Amino acid sequence: MTNLVAGPDSKLNLEKVNVLLVQHNKAELDILTQTMSGLGVWSTRKCVSAAEAQVLASTYEIDLMVVEANLPETDGYDLVRELRRNMNSASRQMAIIILSGYTMKQDVEKARDCGANFVLTKPITPGIMFDRILWLAKDRRPFVDCDSYSGPDRRFRKLGPPAGMPGRRRDDLPAEVGEATQPNLSQDAINTMLKPQKVSL
Amino acid sequence: MKAKLSYGPTGLNRRVRTDGGLTQAEAVKAVEARLDTIKADVLASLDTLIEEMLAEKPALSGDISATCGRLYAFASQVVGVAGPFCPPEVPGAAVSLCELIDHMGASGKWSAGAVIVHLDSLKLLRSMPDEGQKAAREKIFSGLRKITLQADPKAAT
């Protein structure tokens, strides 16, 4: 992967990315399919139920799954949890976006705890989808497996458990800011940084 | 089981490229062009969805919480289907209905009247032309928001 930088000129080439769309409403599935094609995805697999999604995710190596939260029978959250737990699936570490019509705080927590990377509130706009995929393509959080959870590391800030507790990692940030290691900026230096400057074009 | 961390790149990390790709503006334009090709079919299916929701009205006088569960599922679909093609008040009314049902479920105080107003408004908003009726659409939508906010159990305390 080449360097991905967020910005208006950021380019995203999704030609080689394998996408799985899980949506029981046909019209919504058509919208998602056209959205993915427009974003430049060549390989899109579609299905209308969690059971079909299980089979496809186990059979093919999927890189990105976009799944409806309110699927009939098994909902999107349970599907994600099962897929993340399936040790035999080549797709278990794929990026996952959950789509929800109305997202309450507990739905976001449910999405985080089932192992999804993102929850997106509908209606989905192509710009938002582009930004989220770009973000996911750059995301290098480790994948965690433990008794109660399988999925991307839920800790965005590496503060880790408190000092002295087991489970701290070498790169966890200290809880305290600590003493400054360089002299403070003078007020003049701060004023210069904040002063409006004319820009020559 | 001790927590195990894998640091390897995901399939998406490996397969995304920047060479030869699209900028956001180019991608949005391409998606909009593609969505135009399915607009008529999607709007027809939106109208069917709204009719199915209206057909649930008589059931609101029976088991209202079960009926609202079905309406919630329909409304969630309306949000996704109407989003790319309708003025924002149409998906907004469906979101408002989802929120109303959540509030009523949390408080245990069900109101068939509040649900029916949402259903009728959804039908009305969909039947209004996209152009030239903005103020009227906003007025309807703001009325729905008031109803939904009144049902919020947190607002009552």
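Selection over the stretch B:24-53 of residues that are touching a Leu at 6+ places or on another chain (Cβ under 8 Å) and surrounded by fewer than 16 Cβ atoms within 10 Å (Cβ to Cβ) gives a count of 0. Within the option set B:Ser96, B:Ser65, being surrounded by fewer than 19 Cβ atoms within 10 Å (Cβ to Cβ) and closer than 26 Å to A:Lys105 by Cα holds for one residue only, B:Ser65. Within the stretch B:137-155, being farther than 19 Å from B:Arg126 by Cβ and not charged (D, E, K, R) holds for B:Leu149, B:Gln150, B:Ala151, B:Pro153, B:Ala155. Residues in the stretch B:107-133 that are in contact (Cβ under 8 Å) with a residue 12 or more places away in the chain and loosely packed, with under 13 Cβ neighbours inside 10 Å: B:Lys109, B:Asp130. Only one of the numbered conditions (1) closer than 28 Å to B:Lys29 by Cα; (2) part of a helix (DSSP H, G or I); (3) touching a residue at least 24 places away in the same chain (Cβ under 8 Å) is not met by B:Val79, and that is (3). Tell me yes or no: at least one residue of the stretch A:23-34 is among the aliphatic types (A, V, I, L, M) and more than 11 Å from chain B (Cβ to nearest Cβ). Within the stretch A:23-34, none of the residues are among the aliphatic types (A, V, I, L, M) and more than 11 Å from chain B (Cβ to nearest Cβ). Filtering the stretch A:55-69 to residues that are closer than 23 Å to B:Arg14 by Cα and either touching an Asp or Glu at 6+ places or on another chain (Cβ under 7 Å) or outside any helix (DSSP H, G or I) (or both) leaves A:Tyr60, A:Glu61, A:Ile62, A:Asp63, A:Leu64, A:Met65, A:Val66, A:Val67. Checking the stretch A:38-57 against the condition returns a match, with at least one residue being within 12 Å of another protein chain (Cβ to nearest Cβ), touching a Lys or Arg at 6+ places or on another chain (Cβ under 9 Å) and touching a residue at least 40 places away in the same chain (Cβ under 8 Å).
Here, each number is a calculation from the coordinates, and none is a lab measurement. It should be emphasised that the depicted structure is a prediction, and the values quoted were computed from it without experimental measurement. Ideal geometry is used to build each Cβ from the backbone, glycine not excepted, and the neighbour counts take in all protein chains shown.
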